[in-house]
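None of the figures in this text is laboratory data; all of them are computed from the coordinates on show. Since this is a predicted model, take the numbers as computed values, not measurements. Cβ coordinates were reconstructed from backbone atoms using ideal geometry, including for glycine residues, and neighbour counts include every protein chain displayed.
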Amino acid sequence: MFEDIKTLDDLNFKGKTVLLRLDLNSPIDPKTGEFIDDRRFWLHKETLLELVKKGAKIVILAHQGRPGDSDFTTLEKHAVRLSEIIGKRVTYVDSLFSSYAKEKVKAMKNGDLVMLENVRFYAEENENRPADAQTKTFVIKKLAGIGDIFVNDAFSVSHRSQPTVVGFTRLMPSCAGRLLEKELEALGKVTKNPKKPVTFILAGGKAADSFKIMQKALDGNIDYVLTGGIVSHIFLAAKGYNLGEPTMVYIKGKGLEPHIEIAKELLKKYEGKIVMPVDVALNENGERIEIPVSELPKNFPIYDIGSQTIDNYFRIIKGSGTIFAHATMGVIEDEKFAIGTQKIIMAIAGSGAFSVLGGGHTIASARELGVDKRISYISSGGGAAVTLLAGEKLPGVEALRSK
């Protein structure tokens, strides 16, 4: 996957001004304005410290939120938090390409770090267009004038063809940072010559993403897809089970009813590979009540997979060679219905397989259980990982090829 993509090993950074694209976009408490989760800051630490050690002048480009969102704000606190994490001052500049910003960059010494303002404050950054068009944008023309080398370490936004992700690579030497490199290597192990059997665990609330991955994976060398959450509900409905009004209302309310027909077609082609729950846990007036799927419908919502399903999935996981998991099996906000998710994650951690976890809730659950260190790789990717596993190219990665 790195045949024609340069990394930090391939360029001389000493004395050079590096435009470094990071993804520091993080959940912020609307009441306090403080970070709820700073995991993304830590993920970029290796790249940042390596560039410091190599004597680069590092100009950080990043974003927070989207226009109109409550968390669309400046990067002032991001600079402070990043300084704390890497143990070196990151100077915040409250503009992108003003005279003041240019003066700050010009005054940098080797090993200095400057963080420019939220790139999404500038309207052009919010447009997805081809890389050659983004190269011609005002924001890229202005910023390219202060940089010598571009480094993309923002894997999680590399599925977006936005100016600061794809626009610099035609104008200056460019390469991948260590986080982007690790993401591509880990996901490459899942998609290219993986250790068999290959098991994908697709659950959680983002059913459209799961179906996107599933259709590509089932056409490839995958052996099993274990379903949970709303994904499993859609397949059960496709199989002909009446799930009951509360669950069907939820599926329709999410606009996912058309996916029932997609699931029917997938079952026709790959029924032996797609594994569904044999029992479910209902939320019956706040209590966890498990029933076989043969006893559906009930007038209570399905909140988790059942114990027999957990046992069935455990056996498949234990025998797997490679696992990719978005494994939120139920409504984990309620401890009674987090059981399926917890046991599946524990099974993955103890499987001995090469394992990759994706999805914020799955990753958070692994950390809460204290087993995240037993997972081979935890992806920061989100939509980028989905895009890659669905067999599509990432604009931010393609822009780096042969640059």
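Around Gly319, with a cut-off of 15 angstrom between Cβ atoms, what is the net charge of the other residues, counting Lys and Arg +1 and Asp and Glu -1?
Once all neighbours under 15 Å are counted, the net charge is +3.
Within a Cβ distance under 14 Å of Phe235, other residues only, what is the Lys/Arg minus Asp/Glu net charge?
In short, +1.
Order these peptides, 199-205, 48-54, by their mean beta-carbon neighbour count within 10 angstrom, highest first.
Highest to lowest by the protection proxy: 199-205, 48-54.
Where a Cα-Cα gap under 14 Å defines reach, which aspartates and glutamates qualify for Lys268, not counting those fewer than 8 residues away within the same chain?
Asp219
Hey, can you grab everything whose amide H is under 5 Å from the amide H of Met115? Only 5+ residues off in sequence or another chain; H modelled, so Pro and N-termini drop out.
Ile60, Thr91, Tyr92, Val93
Tell me, what HN-Hα J-couplings in whole Hz come from the Karplus equation 6.51 cos²θ - 1.76 cosθ + 1.60 at θ = phi - 60° for each residue of segment 54-63, using x for Gly and Pro?
7, x, 7, 9, 9, 9, 8, 10, 7, 9
In vacuum, with every alpha carbon of segment 83-193 counted as one equal point scatterer, what does the Debye formula give for log10 I(q)/I(0) at q = 0.11, 0.21 Å⁻¹? Two decimals, please.
-0.41, -1.30
Taking the Cβ of Ile310 as the centre, find all other residues whose Cβ is under 11 Å away and add up their charges (Lys, Arg: +1; Asp, Glu: -1).
With Lys, Arg at +1 and Asp, Glu at -1, the neighbours total -2.
Quick check on my link table: of Lys195/Lys336; Lys252/Lys373; Lys31/Lys53; Lys192/Lys273; Lys142/Lys216; Lys206/Lys373, which ones sit more than 29 Å apart, alpha carbon to alpha carbon?
Lys195/Lys336; Lys252/Lys373; Lys31/Lys53; Lys142/Lys216
Which far-off residues, 5 or more places away or on another chain, put their amide H under 5 Å from the one on Gly382, with H placed in the peptide plane?
Gly359
I need Tyr377, Tyr313 ordered by Cβ neighbour count within 10 Å, fewest first.
With the sparsest Cβ surroundings first, the list reads Tyr377, Tyr313.
So between Glu333 and Lys141, what do we pick up on full extension, going 0.36 nm a residue minus the alpha carbon distance?
Additional length available on full extension: 64.5 nm.
I'm spelling it out carefully: the read-out is Cα extents along the principal axes in Å, the candidates are (i) 67, 57, 48; (ii) 61, 54, 46; (iii) 71, 47, 38, and one was derived from this structure. Which label?
Looking at Cα extents along the principal axes in Å for this model, the match is (iii).
Which aspartates and glutamates have a Cα lying under 19 Å from the Cα of Lys54, excluding residues fewer than 8 positions away in the same chain?
Within the straight-line cut-off, Lys54 pairs with Asp9, Asp10, Glu46, Asp112, Asp148, Asp153, Glu181.
Between Lys45 and Glu271, what is the spin-label point distance in nm, taking each point 7 Å from the Cα along the Cα→C-beta axis?
That separation, rounded to one decimal, is 5.1 nm.
Between Lys373 and Lys216, how many nm apart are label points set 7 Å from Cα along the C-beta direction?
3.3
Which whole-number percent is the relative contact order of segment 256-403 (Cα, under 8 Å, 6+ apart)?
15
Can you sort Thr164, Thr135 by how many other beta carbons sit within 10 Å, fewest first?
Ordered by Cβ neighbours within 10 Å, fewest first: Thr135, Thr164.
Give me the percent relative contact order of segment 17-177, please, defined on Cα pairs under 8 angstrom at least 6 residues apart.
It comes to 27 percent, rounded to a whole number.
For the chain, what's the relative contact order in percent, using C-alpha pairs closer than 8 Å and at least 6 residues apart?
Once normalised by length, the contact order is 17 percent.
Given the Cα-Cα distance of Thr74 and Lys318 and 0.36 nm per residue of separation, how much length would full extension add, in nm?
Once the chain is fully extended between Thr74 and Lys318, it gains 83.2 nm.
Got a sec to turn the phi values of segment 185-195 into Karplus ³J(HN,Hα) couplings, 6.51 cos²θ - 1.76 cosθ + 1.60 with θ = phi - 60°, whole Hz, x for Gly and Pro?
5, 5, 6, x, 5, 7, 9, 10, 6, x, 5
Please give the charge dipole size of the chain, origin at the Cα centre, charges +1 on K and R Cβ atoms and -1 on D and E Cβ atoms. Round to the nearest 20 debye.
That gives the chain a dipole magnitude of about 1460 debye.
Mind listing the phi-derived Karplus ³J(HN,Hα) values for segment 71-77, rounded to whole Hz, using 6.51, -1.76 and 1.60 with θ = phi - 60°, and x for any glycine or proline?
Result, rounded to whole Hz: 9, 7, 8, 6, 9, 4, 6.
Under the rule of at least 5 residues apart or a separate chain, name every residue whose amide H is placed under 5 Å from the amide H of Tyr303.
Ala281, Leu282, Asn283
Would you mind classifying segment 1-152 by shape? Square roots of the alpha carbon gyration tensor eigenvalues, ordered a ≥ b ≥ c; an a/c under 1.5 is rounded, otherwise it is prolate if a/b is larger than b/c and oblate if not.
It is rounded, given that a/c, with a ≥ b ≥ c, falls under 1.5.
Going by C-beta contacts inside 10 Å, put Phe150, Phe13, Phe354, Phe72 in order with the fewest on the left.
In increasing order of surrounding Cβ atoms, one gets Phe72, Phe354, Phe13, Phe150.
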